[in-house]
Amino acid sequence: MEVSKSEDIALVVFVGTSAFALVIIALFLFIRLYQTRMRDKENQLLQLESDSRLRLLKSVLEAEEKQKEIISRNLHDEIGAALTVLKMNINNYSEDLPTEKEEELLSINEGIDNVINDIRAVCRDLIPRELSLFGINTALSQFCATAAENAKLNIELTSNYNGFLSNPTNELIYFRLFKEILNNIIKHAKASKILCTISQSDNELQTSFQYNGTGISNEEIEQIKKTNTSIGLSSIESRLMALNGSINYQKQNQSEENLINIVLHKNGI
Amino acid sequence: MSVVKLFDYISMASTLIPLGALLYFHKSLDKALKILLSLLIVSFCCDVFNVLLSIQKKNNEPIFTTYSFLEGSILTVLYYSILNNRLTKKIVVSLFIVMVLSSIVGFIEIKTIYQPNTILTITELIILISFSLLFFYQLIKELPVSNIFDYHLFWINSGVLVMASLSIFTFLFERWIIGNKALTYLWLIFYFANIIFRLLLLKGIWKFLSQKI
């Protein structure tokens, strides 16, 4: 009787454990499947969100460029033309004036010339015509030459760029990014020599700025971002995001080893 | 008191905690939990009748059969309300009709209410497993929450699956494998399944209330 009872208990334990184990395994498999699918779904959502953010950013940048183009055209065609007409009228008027008044008019003329030149400079800054006319290499070379002349320092540019950015909008975004970084180096690093290298490969476009003077590190950039809302830095960041790029700052004070390196990846462009 | 009897009482008592929780917070409950409350009330009443009948040494089979039928019906309403898809709702209704028919067939076969209606019990458990699997399928398809452990219906559905699977395993084992040989200890699995069911219900209720209140 005792043997039979212990056999019964063993049987019940065996049957119960097997049945329970089967159900638990089924539940475990369900939970694993659920979590895997949920992870996939979340990744897809993140990807969609990042894609739509990128599209939005690009549209904002495009709209900004269009606005700049309109302002530039209006300045050039309306105000520039009006000032030229004004200058011509003054010249005609000066013929009938006595000589002492002529000198005053001459200085007014010079003032108008300065305003016209300033307007042209603003227009060039708003829409870099050389970019659409001669391409990015020439536009960057011209910009570097002008910047070197104005800041009185040595800027060298080496580039093997050959159509990596695939469309004019991306090239314009890149051009502005390059300008912003170079301007920042000129403004803050007190450098006497800057070497810019653009190197294109199949999958990426690398742009490095090697310069002497005061460098800046990634940590310092993060600190600046936290403490103040720098427009220049946020503009660099948004342009980099639009081009699926990354930036790295390396600091080696008072040597030529300070480096800012930008990498743009093909798959995001 | 034998171990089997002890487990029987624990199984009955395990209804009280989820029932008490649902009654206490009855105003904050969602539709599914209100249906579950009705199931627990039915379960509690049947347990009380069972105890009373066993004290009077009367046959309590009609209570078992009635409980099986009511449990199947209430859980049909529960799954009908928590399944979203029109097709799965149709499946739920069809399975309920199958259960009603099986109870009639079972009754015709045994011709009395004082013997266990095995056909009804087994059909009901198979149907409950089907409901549970349908709900799991819906969860996998729709992924309603990021963390499945935070979803109260997951725990309730798991409870139904564990209870129905273990119970049907016990019934089938008793009836077809050991051939109706009286094996009292086999009921331990049934009581254990019931206790697990109530615990998982409690976990589901707790998850719901902790998010709601």
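All of the numbers you see were taken from the coordinates with simple rules; none came from a lab. Nothing here was measured: the structure is a model prediction, and the numbers come from that model. A quick note on method: Cβ atoms are made from the backbone with ideal geometry, for glycine too, and the neighbour counts reach across all protein chains shown.
Numerical summary
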| item | result |
| --- | --- |
| C-alpha long axis of helix B:118-142 to longest principal axis of chain B, angle in ° | 10 |
| Residue of A:Asn218, A:Asn183, A:Asn91 that the Gaussian network model of chain A assigns the largest fluctuation, springs spanning Cα pairs under 10 Å | A:Asn91 |
| Net charge over other residues, Cβ less than 14 angstrom from the Cβ of A:His76 (K, R count +1; D, E count -1) | 0 |
| Using alpha-carbon coordinates, inclination of helix A:136-151 to the longest axis of chain A, degrees | 60 |
| Segment B:Asn147-B:Ser73, extension gain: residue separation times 0.36 nm, minus the distance between their alpha carbons | 23.6 nm |
| Neighbour-count order for A:Glu222, A:Glu95, fewest beta carbons within 10 angstrom listed first | A:Glu95, A:Glu222 |
| Full-stretch length increase - A:Leu133, A:Leu57 - with 0.36 nm per residue and alpha-carbon distance subtracted | 24.8 nm |
| Longest exposed-site-free window of chain A, the sites being trypsin sites (Lys or Arg not before Pro) in a DSSP loop that have at most 12 other C-beta atoms within 10 Å | A:1-151 |
| Neighbouring partner chain Cβ atoms per residue of B:127-138, average, 10 Å criterion | 1 |
| Average other protein chain Cβ within 10 Å of Cβ, residues B:151-160 | 1 |
| B:Ile104, B:Ile82 arranged by Cβ crowding within 10 Å, fewest neighbours leading | B:Ile104, B:Ile82 |
| Relative contact order [Cα under 8 Å, 6+ residues apart], segment A:116-269, whole percent | 21 |
| Residue mean of other protein chain beta carbons inside 10 Å, A:10-20 | 6 |
| Highest to lowest packing among B:197-203, A:167-173, B:65-71, scored as the average C-beta count within 10 Å | B:197-203, B:65-71, A:167-173 |
